[in-house]
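Report on one structure; see the data block that follows.
The values are calculated or read from the model by the stated rules, or taken from the named source; none is laboratory data. All values derive from a computational prediction rather than experimental measurement. Glycine also receives a Cβ, built like all others from the backbone with ideal geometry; neighbour counts cover every protein chain displayed. To get the accessible areas, we keep the full protein, side chains included, count just its heavy atoms, and leave off ligands, DNA and RNA. Shrake-Rupley method; radii C 1.70, N 1.55, O 1.52, S 1.80 Å.
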Amino acid sequence: MNIDMNVAVFFWGAVAGCLMLRAVDSLLAILFSLHGLLMSRWKWLKNKATPGQIANDIILSQLLKAGIFGVLFTFLLAEGDNLMWGEFRFNYQGDAGMLWALAATIVVLIFVRKSWRSLVVVWKLTHEVDYAHKRQRTVLLRK
């Protein structure tokens, strides 16, 4: 294994770790949004005059944003894999595979807390009444 392959595998591992984390993050955000949409829809079907409903446009915007990001990160991950296979014939085995896994794990461990916080915000936006409006007012007041 030459030095060019080691450097490429290490950087691809770091980028792939970030892309995989964001893809999983987007998938969970999609699931949270669908759950919030089903919960609000169920409440509306049960009693149309129920106060404290979360607006569907807020949930749908989160669903669309998470869907676009999920597709983008998955596409980038697949294209990066194709590039690594085409240029270096990298197949995730042996020492190169261990180096790739190490780099990906380091990046995931660094960014997992930020990912968790963004998932908490998505959960609150799609499940807590008026959280989105309070958050928007806070952002507007900071400007």
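Accessible surface for Thr74 stands near 80 Å², nearest 10, in the context of the full protein assembly shown (1.4 Å probe).
Close amide-amide hydrogen proximity is noted between Phe90 and Trp85, each under 5 Å apart and 5 or more residues distant or on a separate chain (H modeled in the peptide plane; Pro and chain starts excluded). Between Val139 and Phe75, residue separation times 0.36 nm minus the direct Cα-Cα distance comes to 19.9 nm. A prolate overall shape is assigned to the chain, the ratio a/c of its alpha-carbon gyration tensor axes (a ≥ b ≥ c) being 1.5 or greater and a/b exceeding b/c. Each stretch of four or more DSSP H residues adds -39500 (n - 2.57); spread over every residue of the chain, this sum gives -31000 deg cm²/dmol at 222 nm.
In this view, the solvent-accessible surface of His35, computed with a 1.4 Å probe and all protein chains in place, comes to about 80 Å². Say we join alpha carbon atoms closer than 10 Å with springs in a Gaussian network model of the chain; which of Gly80, Gly70, Gly17 then has the biggest fluctuation? Result: Gly80 has the largest fluctuation of those listed.
For the chain: lysine pairs with Cα atoms under 18 Å, gap of 8 or more or different chains, count? Please report the intermediate quantities before stating the final value.
On the way: Lys43/Lys124; Lys65/Lys114; Lys65/Lys124; Lys114/Lys124; Lys124/Lys134; Lys134/Lys143.
Taking the chain as the scope, the lysine pair count is 6.
At an R0 of 25 angstrom, the distance between the Cβ atoms of Leu83 and Leu109 translates into a FRET efficiency of 0.50.
For a test of the definition: using alpha carbon positions, the gyration tensor, and the 1.5 limit on a/c, classify the stretch 59-135 as rounded, prolate or oblate. Taking the square roots of the gyration eigenvalues as a ≥ b ≥ c, the stretch 59-135 is oblate.
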